[in-house]
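Okay, structure first, notes after.
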Amino acid sequence: MTRIAHLSDVHFGAHDPDIVAASVAWMEVHKPDLIIISGDFTQRAKVDQFRQASEYLDRLRSTGCPTLVVPGNHDVPLYDVFRRFAAPLDRYKRFIEDDLCPWFENDEVAVLGLNTARSLTIKDGRISYEQIEMLRDRFAEVPAGKTRILVTHHPLFAMPIAKEGELSEAVGRHRDAIEAVADAGVHLALAGHFHRTYAESALKMVETAHTVLVVQAGTATSTRLRNNELQSFNWIHARRYDEIELQVIAWNGREFQRGSHEKFTHDGNIWTSQSISGPEQ
Ligand SMILES: [Fe+2]
Ligand SMILES: [Fe+2]
């Protein structure tokens with residue numbers, strides 16, 4: 001079993017220092033096998049914000065846990081027009097991670113991160129044809145029994161939003177991306193951006209994507225909340241490619257606390273969930 005902490009939207013510059021410290025403390029105690037951060041490291045892509053985000057990453061890495069990170073739309077400068085178009089992810093590469101398509105693999109999981117942040121779209125991301133090719137190629141080499149995980153900042157799949165029946169925006173070229181995700185046999189698609197926790201079988205959203213379980217993370221440390229959902233991150237146990245446990249670790253105003261806990265199983269056709277209780281790991 002591989003234990004993954006999935007954090008997102010840490011937004012340095014609009015962060016709560018107490019929550020930042022508590023998240024590091026959690027990782028020091030629980031030592032996941034992998035820490036994933038799915039973008040929006042900063043609030044406005046400023047140097048001092050990237051410095052703080054970089055220090056945060058250093059503290060997480062000093063726990064001995066490997067990390068896999070991708071940028072978000074807030075990591076592209078918004079008002080500095082020259083930088084926005086000439087070197088949109090320069091600071092991200094300098095302070096956070098040079099590799100925009102990171103890869104992690106152990107005996108049980110294979111994880112690919114793809115950058116969906118673009119200069120031209122203010123907040124909606126996009127996936128390129130080159131990235132779609134890479135997605136197919138990288139997973140084609142992975143042995144059959146491993147859990148295949150894709151990480152993006154923008155969700156590949158539109159998801160229901162607060163108003164009944166309405167769907168959110170999905171990443172640009174999402175139809176091509178979803179086809180590639182299905183072809184590559186991706187089991188788990190992790191993303192952030194909406195500052196809202198959510199988990200659902202992609203089959204309920206897109207007919208062809210039967211292998212994919214979509215999991216969204218809330219904001220881990222930002223003070224900018226949406227729908228009054230408090231800060232949280234996802235604690236994932238990838239047991240097998242057809243069995244994944246997800247627990248939301250939520251801030252209660254004083255500390256991170258274990259919240260809803262579900263087991264997802266795939267029967268060859270669809271992911272279904274059941275609430276679980278039991279020993280915590
Ligand atoms: Fe965000
Ligand atoms: Fe975002």
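The values are calculated or read from the model by the stated rules, or taken from the named source; none is laboratory data. This one's a predicted model, so the numbers in the text were calculated from it and none came from an experiment. Glycine gets a Cβ as well: all are built from the backbone with ideal geometry, and neighbour counts include every protein chain shown.
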What do you reckon, is LEU203 outside any loop (DSSP other than H, G, I, E, B), within 29 Å of ARG126 (Cβ to Cβ), touching a Phe, Trp or Tyr at 6+ places or on another chain (Cβ under 8 Å) and touching a residue at least 12 places away in the same chain (Cβ under 8 Å)? yes
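Residues are listed down the side, and each one gets a yes or a no for (1) at pLDDT 95 or above; (2) of a type in the set (Val, Ile, Thr); (3) in a helix (DSSP H, G or I):
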| residue | (1), (2), (3) |
| --- | --- |
| ASP48 | yes, no, yes |
| CYS65 | yes, no, no |
| LEU68 | yes, no, no |
| TYR79 | no, no, no |
| ASP99 | yes, no, no |
| LEU112 | yes, no, no |
When you scan the range 257-265, do you find a residue that is in contact with a helix residue (DSSP H, G or I) (Cβ under 9 Å, 6 or more places away or on another chain), surrounded by 20 or more Cβ atoms within 10 Å (Cβ to Cβ) and part of a strand (DSSP E or B), even just one? no
If you check ASP18 against the conditions, is it without any contact (Cβ under 8 Å) to a residue 24 or more places away in the chain and over 15 Å from TYR92 (Cα atoms)? yes
Residue check: is ARG84 modelled with pLDDT of 85 or more, basic (Lys, Arg) and not in a strand (DSSP E or B)? no
